[in-house]
Amino acid sequence: MAATHEELDWLANRWQRFRDTVRVVVMRHYDPLIAAIVEHGSIDDHRWNEFVNAVLRDLDRGRIRNEQLYSVALSLFADPTPLRRALEEVGSALVGEQAPAARVVAIKRGITRMRDAWIGGTEHRGKTWGRLDSVSRELVRATGSLGDNRCTMEHFIDLLAHLRLHHASDRNLPRKIATIEEYFYEFCSDCQAVAIDGLPEPSVSASQGDAVPGDEEVSAQLGICLEELEDEPRRFVSVHFKMTDPVEFSSSGYCQRMDIDRRRFHRIVDQALEALRGCIERSLGDEVGAIA
């Protein structure tokens with residue numbers, strides 16, 4: 001069944017809120033699945049059906065208070081197979097030191113695949129990822145600073161700056177760090193079992209005689225600008241972009257645990273990102289695009 005206009009609004013324009021809300025419900029019930037994957041390498045049908053039924057019961061009890069979001073979530077779980085496959089792909093990395101990040105990655109990827117299977121968005125997203133992946137690899141070869149792992153906040157920031165500088169007219173490529181992060185979560189194997197690293201320590205910037213700032217200079221300056229934020233905005237940004245240690249599962253979970261209003265949380269994050277953008281532009285020149 002094709003998604004309605006209202007459903008597509010949640011699955012596109014308000015996707016991050018929807019995905020993170022569903023992810024919180026999933027993570028209440030997935031422990032038996034993790035045990036099965038670690039022990040057998042896969043999830044047996046009985047355990048999987050119990051998990052799906054538990055999630056549906058949770059949704060039905062009104063844990064998701066927005067009725068429209070609740071309805072879309074129920075429709076999404078009409079075929080939860082992509083989530084099952086995403087969890088099994090990560091395998092033994094679901095336990096151990098990197099487990100918190102690996103679990104977040106697997107669930108995000110699985111929920112996104114469920115959406116794509118429903119609305120038929122896989123082919124388009126696959127093509128976009130192919131181009132983004134190519135630019136990402138070229139950037140790594142040019143800088144040579146990331147080793148074998150591209151699934152880091154440092155790389156996402158460098159990649160966004162590079163896209164805005166050198167692919168400004170291509171509107172099919174991402175223009176937000178959150179969107180780049182989503183593509184990497186969904187497609188990049190580097191993201192299957194690693195945490196999203198924090199920003200690098202501030203370092204000496206490139207020569208001030210450069211006409212256009214280089215990507216490494218942008219990254220270094222961002223680290224400096226982040227340190228200039230007040231404690232609360234800096235902490236909220238770190239939670240939002242999975243830069244904490246240990247990695248926060250979700251901003252909504254963090255807000256609930258710390259008794260913080262979620263609207264206030266996102267408002268402060270938005271204000272902090274604007275401040276970071278202004279700091280970088282003042283430091284490196286207007287040629288550098290916004291980071292969010």
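Points worth noting:
- Residue within region 113-128 that is modelled with pLDDT of 85 or more and open to solvent by 30 Å² or more (accessible area, probe 1.4 Å) present: yes
- Looking at S169, S134, just one residue is among the polar types (S, T, N, Q), assigned to a loop (DSSP other than H, G, I, E, B) and over 16 Å from the mean Cα position of the chain (by Cα), and that residue is S169.
- Scanning region 44-54 for residues that are under 17 Å from R85 (Cα atoms) and under 28 Å from the mean Cα position of the chain (by Cα) turns up R47, W48, N49, E50, F51, V52.
- If you go through region 64-99 and keep only what is among the hydrophobic types (A, V, I, L, M, F, W, C) and under 18 Å from D20 (Cβ atoms), you end up with I64, L69, V72, A73, L74, L76, F77, L83, A86, L87.
- Single unsatisfied condition, R57 versus (1) closer than 17 Å to R28 by Cα; (2) in contact with a helix residue (DSSP H, G or I) (Cβ under 8 Å, 6 or more places away or on another chain); (3) modelled with pLDDT under 90; (4) not hydrophobic (A, V, I, L, M, F, W, C): (2)
- Residue among A78, A36, A54, A73 that is over 17 Å from V104 (Cα atoms), of a type outside the set (K, R) and either open to solvent by 70 Å² or more (accessible area, probe 1.4 Å) or in contact with a strand residue (DSSP E or B) (Cβ under 7 Å, 6 or more places away or on another chain) (or both): A78
- Enumeration of residues in region 256-290 that are open to solvent by less than 30 Å² (accessible area, probe 1.4 Å) and at pLDDT below 85: L273, L276, G278, C279, I280, L284, G285, V288, G289, A290
- Residue count for region 131-159, restricted to those that are surrounded by 17 or more Cβ atoms within 10 Å (Cβ to Cβ), of a type outside the set (S, T, Y) and at pLDDT below 85: 9
- Index of the failed condition, T4 passing every other in (1) in contact with a Gly (Cβ under 9 Å, 6 or more places away or on another chain); (2) β-branched (V, I, T); (3) open to solvent by 20 Å² or more (accessible area, probe 1.4 Å): (1)
- Tally, over region 8-33, of residues that are closer than 21 Å to E88 by Cα, modelled with pLDDT under 90 and among the β-branched types (V, I, T): 3
- Taking the conditions (1) open to solvent by less than 20 Å² (accessible area, probe 1.4 Å); (2) not in a helix (DSSP H, G or I) in turn, S42 satisfies each one other than (1).
- Note on region 230-250: residues that are out of contact with any Pro (no Cβ under 8 Å at 6 or more places or on another chain), part of a loop (DSSP other than H, G, I, E, B) and either modelled with pLDDT under 65 or among the hydroxyl-bearing types (S, T, Y) (or both) total 4.
- Test result for P82, part of a helix (DSSP H, G or I) and touching a Lys or Arg at 6+ places or on another chain (Cβ under 6 Å): yes
The values are calculated or read from the model by the stated rules, or taken from the named source; none is laboratory data. Worth saying up front: this structure is predicted, and the values here are computed from it rather than measured. FYI the Cβ positions are ideal-geometry reconstructions off the backbone, even for glycines, and counts take in every protein chain you see. Side chains are part of the model used for accessible areas, which takes the heavy atoms of the whole protein and leaves out ligands, DNA and RNA. Shrake-Rupley method; radii C 1.70, N 1.55, O 1.52, S 1.80 Å.
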